[in-house]
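Remarks on the structure that follows.
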Amino acid sequence: MTNPNPGGASLLAKHLTPAVWEALKDKETRYGVRLIDVVASGLAHPESSIGVYAGDEESYELFAPLLDPIIAKYHGFGPDGRHTSDLDPAHLDAPNPDPEGRYVVSTRIRVARNLCCFPLGPALTRRERRIVEATVVRALASLEGDLSGRYYPLYEMDHATKERLIANHFLFKEGDRFLEAAGLNRDWPDARGIFHNENKTFLVWVNEEDQLRIISMQPGADLEEVFARLARALGELERRLTFARSERLGYLTSCPTNLGTAMRASVHVRLPRLPEEKIKAIAGDHGLQVRGTHGEHSDAEGDVYDVSNKRRLGITEVEAVRQLSAGVRALLAEAS
Ligand code: ADP
Ligand code: CIR
């Protein structure tokens, strides 16, 4: 097969040179992940912004000639970089940027995690995915206090409940075409589901893009409270589960944009008086990205934007939330 470079503006198209294709096309990881699997989503969707997904930890080593330049471009993190973590809420210092609740509708911080010693989602077998689900659900069942909750398997959930949870920003959407092409939706909805506490301030998505998406969220702009809850939940889960992690790349995730902290800290902020281009410019100056009201690949509804840290690798969790805090302050200064 000759180099199938999809063209377009994706990082895959930029970095899948004939030399890289030739050097990597016959390689295969111990879990059977090949170059053609890593690039499948970007080939199927030339409109991708990134275009690659890793099938396992070894993919990041074996296919480094393709993935390292993509990681460097997205995160500004070179091959000699070393990722460090700081989840200590005492280090945060990000006071509520909107104490009167005039602009910020809600705050959400999520991290992605995958279990050590399994392939990542694109290469999981149905049986392995079920073992992951059972392992995670067992760990979640023993959480106490405000973190205690219930797991709802997707196959048991009726259509109306699912739609309501998605509309209220609690549950992942179904049928993402990029994930589909990466093999992440195989056997859907088997072994997928959502855990949440009673007031839905602590939630865990199971077996979507990553095996776990651990989420802390609440109305308003109290970044410190949302971060502290997430850090506490992660501490509890780390005592019960072993997550896939590398010295260099931090927490391992299926999409290279999520490596490192695997954290996306966001606010939903209503900015009726600022043009979208201005919002994007201010956000960009602060290392933030802007999404629509219903997440990635959606539009802003009612002037509500999702503003979050873009970089997740080579930055600590505390720094990522501080970056969000500074950017939101700058946006609010312009908005009033
Ligand atoms: P991810 O957070 O995993 O990167 P998405 O961009 O698809 O993925 O967002 C997932 C969901 O979280 C969407 O419903 C989105 O609207 C919601 N969301 C993101 N940020 C916030 C926020 N600050 N408040 C409420 N919901 C949010
Ligand atoms: C794409 O390449 O466009 C999709 N696979 C989604 C990439 C992840 N999104 C992002 O920029 N954080």
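Laboratory data are not the source of any read-out in this text; all were calculated from the coordinates shown. Keep in mind the model is a prediction, meaning the values are calculated, not measured. Cβ placement follows ideal geometry from the backbone for every residue including glycine, while neighbour counts extend to all protein chains displayed.
Quick rundown of the values:
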{"read-out": "Around Leu332: net Lys/Arg minus Asp/Glu count, Cβ-Cβ under 10 Å", "value": "0"}
{"read-out": "Global form of region 11-75, assessed from the alpha-carbon gyration tensor, a/c cut-off 1.5", "value": "rounded"}
{"read-out": "Label zone at Lys278 (point 7 Å along Cα-to-Cβ), backbone N below 18 Å, region 303-336", "value": "303-307, 327-336"}
{"read-out": "Dipole in debye (nearest 20) - region 15-154, about Cα centre, beta carbon charges: Lys, Arg +1; Asp, Glu -1", "value": "580"}
{"read-out": "Relative contact order (%) - the chain, alpha-carbon pairs under 8 angstrom, separation at least six", "value": "22"}
{"read-out": "GNM flexibility winner over the chain from Thr293, Thr261, Thr135 (Cα, springs under 10 Å)", "value": "Thr135"}
{"read-out": "Selection from Ile279, Ser266, Gln211, by position along the positive dipole direction of the chain (Cβ)", "value": "Gln211"}
{"read-out": "Sum of side-chain charges, Asp187 neighbourhood, beta-carbon under 14 Å (Lys, Arg +1; Asp, Glu -1)", "value": "0"}
{"read-out": "Residue among Met157, Met263, Met217 with the largest mean-square fluctuation in a Gaussian network model of the chain, springs linking Cα atoms under 10 Å", "value": "Met157"}
{"read-out": "The chain - Kirkwood radius from inverse mean 1/r over Cα pairs (Å)", "value": "20.4"}
{"read-out": "Residues listed by number, region 122-144, amide nitrogen under 17 Å from Arg240 label point at 7 Å toward C-beta", "value": "131-144"}
{"read-out": "CD proxy at 222 nm, helix term only [per DSSP H run n ≥ 4: -39500 (n - 2.57); per residue of the chain; nearest 500]", "value": "-10000 deg cm²/dmol"}
{"read-out": "Rg and Dmax of region 166-311, Cα atoms only, in Å", "value": "16.1, 47"}
